[in-house]
Amino acid sequence: MIISGKFFYEGKVVECSVIVENGIIVDIRKHVRDDKVVEFSRGLILPAGIDVHVHFRDFKESYKETIESGSLSALYGGICLVVDQPNTNPPVIDSEIYLKRIKKAERESFIDYSLNLGLTEDNSGRICEIIEEIEKFVRIPAIGEVFLQHRTMQVGFGTLKSVNDRVDKLITVHAEDPELIEREDVRPKEAEIKAVQKCIDIGHFYFCHVSTPEALNMIYKSNCFAEVTPHHLLLSEGSIRFERVNPPLRTDRDRIELLRNLSKADVIASDHAPHTIEDKKEGAPGFPGVETMYPLMLNLVKKGIIDLKTVVERIVLNPAKIFGFERYSGIKVGNYANFVIFNFSDVRKIRAENLHSKAGWTPYEGFEAIFPKTVIIRGVKALDDGEVLIDGGFGNVIMKDQTDDCQREGR
């Protein structure tokens with residue numbers, strides 16, 4: 001298979017041909033003229049995205065989302081690989097539940113799939129043993145999202161330090177200090193700032209959904225990693241209905257400052273946390289977003305607010321490096337042929353009725369975005385002009401031989 005067109009390759013747009021064999025890029029050369037060439041004369045070919053922070057619910061919350069529906073939504077958003085989070089019902093905190101969910105993903109996922117292992121006070125003493133049991137079969141990308149404040153999965157700073165000292169795994173942290181949170185729905189920015197500082201004092205971590213510019217600057221000056229989300233970059237308190245999310249939307253001033261300092265973040269992830277409208281009316285925290293993340297960011301590129309290199313680094317290159325997804329690290333020889341073709345002249349307004357999550361709503365209703373025209377995963381055309389060309393179960397679960405070790409040493 002030979003794919004030709006305008007690629008974003010090594011930090012710039014070049015016209016070339018990519019030769020693919022058995023789903024792997026084997027050569028990149030000047031434009032090839034051949035009957036076997038798949039030509040994309042319109043649109044820009046980018047590496048397919050990685051979303052390292054999704055909550056695909058399922059199990060007892062399958063009415064909100066399933067691995068099948070969540071991965072389909074991701075495919076429509078130009079994502080080829082996700083890292084699912086363990087705060088499911090029941091939670092993924094032992095080898096039995098972990099491997100049960102992996103088998104479900106093997107049957108149902110449209111895209112490639114990996115799964116973090118949850119940490120609680122109860123399983124912290126056995127965490128090394130649990131990791132060893134699971135990794136006889138599949139690789140765990142990270143421990144987390146670890147909750148420092150949570151109704152059922154809260155972990156203390158002492159336990160976090162103990163596990164960090166014992167486990168040779170990346171640990172991802174939802175950093176909000178419980179001492180500064182008086183109510184579930186009142187979470188001051190100081191709770192995030194204080195928790196981040198405490199964690200930095202303990203060791204090296206990956207911080208999920210950083211929402212304040214102060215915390216982002218602290219992480220940037222450390223050897224830790226920072227993740228930001230589209231909702232903290234684009235939405236502010238009071239700007240939408242059903243705005244509850246953890247950590248909360250901040251002031252418009254904080255949002256603008258966070259976006260202005262996007263280059264200090266390592267990763268953009270969606271924190272896709274789907275709830276039904278009924279759940280949101282009852283105060284459930286979280287937004288759907290896996291399908292809109294890449295399209296929203298590319299619209300910011302088109303508007304000149306951020307540059308394309310910044311987006312590709314934070315949605316593809318950095319996630320692959322940090323989480324050890326070796327063959328997903330962009331367009332280069334030896335990597336999987338994971339491509340997404342975007343036509344930058346095809347700007348559309350986001351409408352919930354056109355999205356594919358079970359949530360059935362979006363916080364970005366009416367926002368402009370650039371959705372993919374075509375998605376290619378491991379050399380196979382998976383989506384084209386809105387038509388899905390693969391079945392659930394096409395996605396691979398990430399095994400040990402598909403990865404490098406996580407980058408625990410930091411930047």
Relative contact order (percent) for the chain, with alpha-carbon contacts under 8 angstrom and 6 or more residues of separation? 22
Helix-derived [θ] at 222 nm for the chain: sum -39500 (n - 2.57) over DSSP H runs of at least 4, divide by residue count, nearest 500? -7000 deg cm²/dmol
Restricted to the chain, the DSSP antiparallel beta bridge percent, nearest 5, is 55
Cut-off under 5 Å, modelled amide H: who pairs with Phe207 long-range: Val173, Phe225, Ala226, Glu227
Connecting every pair of Cα atoms under 10 Å apart in the chain and solving the GNM, the largest mean-square fluctuation among His204, His272, His31 falls on His31
Between Lys332 and Glu184, 0.36 nm times their residue separation minus their Cα-Cα distance comes to what? 48.7 nm
Counting other Cβ atoms within 10 Å, which GluC sites (Glu not before Pro) in segment 256-320 have at most 16 and lie in a DSSP loop? Glu282
Solvent-accessible area, 1.4 Å probe, carbon plus sulfur percent, for the chain: 45
Taking only C-alpha positions in segment 1-46, Rg and Dmax in angstrom work out to 9.9, 29
Considering only C-alpha atoms, what is the centroid distance from segment 159-176 to segment 84-117, in Å? 20
Neighbour-limited loop hits for trypsin sites (Lys or Arg not before Pro), segment 103-137 (at most 12 other Cβ within 10 Å; DSSP other than H, G, I, E, B): Lys136
Rolling a 1.4 angstrom probe over the protein heavy atoms, how many square angstrom per residue are accessible across segment 113-193? 41
Using Cα pairs closer than 8 Å and at least 6 residues apart in sequence, work out the relative contact order for segment 233-319, in percent. 29
Report the GluC sites (Glu not before Pro) located in segment 1-81 that are in a DSSP loop and have at most 11 other Cβ atoms inside 10 Å of their Cβ, or state none. Glu10
Too long for a 29 Å Cα-Cα cut-off, among Lys169/Lys358; Lys30/Lys349; Lys321/Lys381; Lys281/Lys303, are Lys169/Lys358; Lys30/Lys349; Lys281/Lys303
If you project the alpha carbons of segment 42-166 onto their three principal axes, what span does each projection cover, largest first, in Å? 54, 31, 30
Neighbour count of at most 15 Cβ within 10 Å plus DSSP loop: longest chymotrypsin sites (Phe, Trp or Tyr not before Pro)-free window in the chain: 138-343
At a threshold of 8 angstrom on Cα-Cα distance, excluding pairs fewer than six apart, so keeping six or more, what relative contact order does segment 1-134 reach in percent? 19
Among Asp27, Asp168, Asp385: highest mean-square fluctuation, GNM of the chain, C-alpha pairs under 10 Å: Asp385
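The values are calculated or read from the model by the stated rules, or taken from the named source; none is laboratory data. This is a predicted model, so every value here is computed, not measured. Because the Cβ atoms are built from the backbone with ideal geometry, glycine has one as well, and the counts that use them run over all protein chains shown. Surface areas here come from the heavy atoms of the whole protein model, side chains and all, with no ligands, DNA or RNA. Shrake-Rupley method; radii C 1.70, N 1.55, O 1.52, S 1.80 Å.
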